[in-house]
1. Does V38 qualify as being touching a helix residue (DSSP H, G or I) at 6+ places or on another chain (Cβ under 9 Å) and modelled with pLDDT under 85?
2. Would you confirm whether or not the range 152-173 contains a residue that is crowded, with 17+ Cβ neighbours inside 10 Å and within 20 Å of F24 (Cα to Cα)?
3. What are the pairs with Cβ atoms under 7 angstrom where one residue, in the range 104-127, is more than 18 Å from N197 (Cα to Cα) and the other, located anywhere, is among the small types (G, A, S)? Sequence gap at least six, or different chains.
4. Quick one: how many residues across the range 18-65 are within 23 Å of V136 (Cβ to Cβ) and in a helix (DSSP H, G or I)?
5. Have a look at L60, L26, L33, L54 and point out the one that is more than 24 Å from L200 (Cα to Cα), surrounded by 14 or more Cβ atoms within 10 Å (Cβ to Cβ) and hydrophobic (A, V, I, L, M, F, W, C).
6. If we keep just the residues of the range 174-200 that are polar (S, T, N, Q) and more than 10 Å from the chain's Cα centre (by Cα), which is surrounded by the most Cβ atoms within 10 Å (Cβ to Cβ)?
7. Would you pick out the residues in the range 85-119 that are polar (S, T, N, Q) and either under 17 Å from V188 (Cα atoms) or surrounded by 15 or more Cβ atoms within 10 Å (Cβ to Cβ) (or both)?
8. Evaluate the following for K152: is it touching a Phe, Trp or Tyr at 6+ places or on another chain (Cβ under 7 Å), at pLDDT below 95 and charged (D, E, K, R)?
Amino acid sequence: MNNDNKANEFLFHPKNVMLFILLFGLAFLFLALTVAYVYIRVTNAVPPVQVPLLFVVNTLILLASSWTMMQAKRCYLADNTKGYQQNLLITILFSVFFTGMQAIAWYLLFQQNVHLNSSTTTGFLYVISFVHLAHVLGGLPFLVQFYRAAKKYMVDPVTVLVYFSDPEKRLGLRLLTIYWHFLDILWVYLVLFFAINQWL
């Protein structure tokens, strides 16, 4: 099968179509939320929300998880069992770390009397960051599933060969990597959006 046929097969694969429908829906959802934020802030003359410092730190954590996810895919394509397993595990740990840091960021906001109903803009901050985190948590079980499968089925040269040559696992890893990169890019957009609004 030539490269063009492989590309077409991936493009029109049902799982791939479903993923891109999901990503399109998420992009539209967050675009609608950010547009609504600007509209309400401008029309009601509400002061912009201040971007929590931990949101910036969390950006670095997510970018690191995106890098390790990319490394896991590279190790998979290179038949590097140990590197594949390690990078999947590190990606999981970064994701859990991100979740914990988000909880701390919200806690610190509450300590500063910045609550969900403090103002319209703070309400948007909580809703947007929570919805994003929900999708990170939604992808976490798939990461854990890939890691557990790698530890269970990659125990000797034969099982490693079978695992790495499985087209379904290759497709699943590719789709999960795309999803993870999308969430990271989306978070960068959201942090930049709130930061720009803070100075306008």
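1. no
2. yes
3. Taking only residues 6 or more apart or on different chains, the pairs are L116/G123; N117/G123.
4. Summing the residues that are within 23 Å of V136 (Cβ to Cβ) and in a helix (DSSP H, G or I) in the range 18-65 gives 33.
5. L26
6. To start, the set of residues in the range 174-200 that are polar (S, T, N, Q) comprises 177, 197-198.
So of that shortlist, the ones also more than 10 Å from the chain's Cα centre (by Cα) come out as 197-198.
Numbers: N197: 18, Q198: 13.
Checked the range 174-200; the qualifying residue surrounded by the most Cβ atoms within 10 Å (Cβ to Cβ) is N197.
7. Within the range 85-119, the subset polar (S, T, N, Q) is 85-87, 91, 95, 99, 102, 111-113, 117-119.
Matches in the range 85-119: Q85, Q86, N87, T91, S95, T99, Q102, S118, S119.
8. Values: touching a Phe, Trp or Tyr at 6+ places or on another chain (Cβ under 7 Å): no; at pLDDT below 95: yes; charged (D, E, K, R): yes.
It is false that K152 is touching a Phe, Trp or Tyr at 6+ places or on another chain (Cβ under 7 Å), at pLDDT below 95 and charged (D, E, K, R).
The values are calculated or read from the model by the stated rules, or taken from the named source; none is laboratory data. On a predicted model such as this, the values are computed, not experimentally measured, just so you know. Here Cβ is always computed from backbone atoms with ideal geometry, including for glycine, and neighbour counts include all displayed protein chains.
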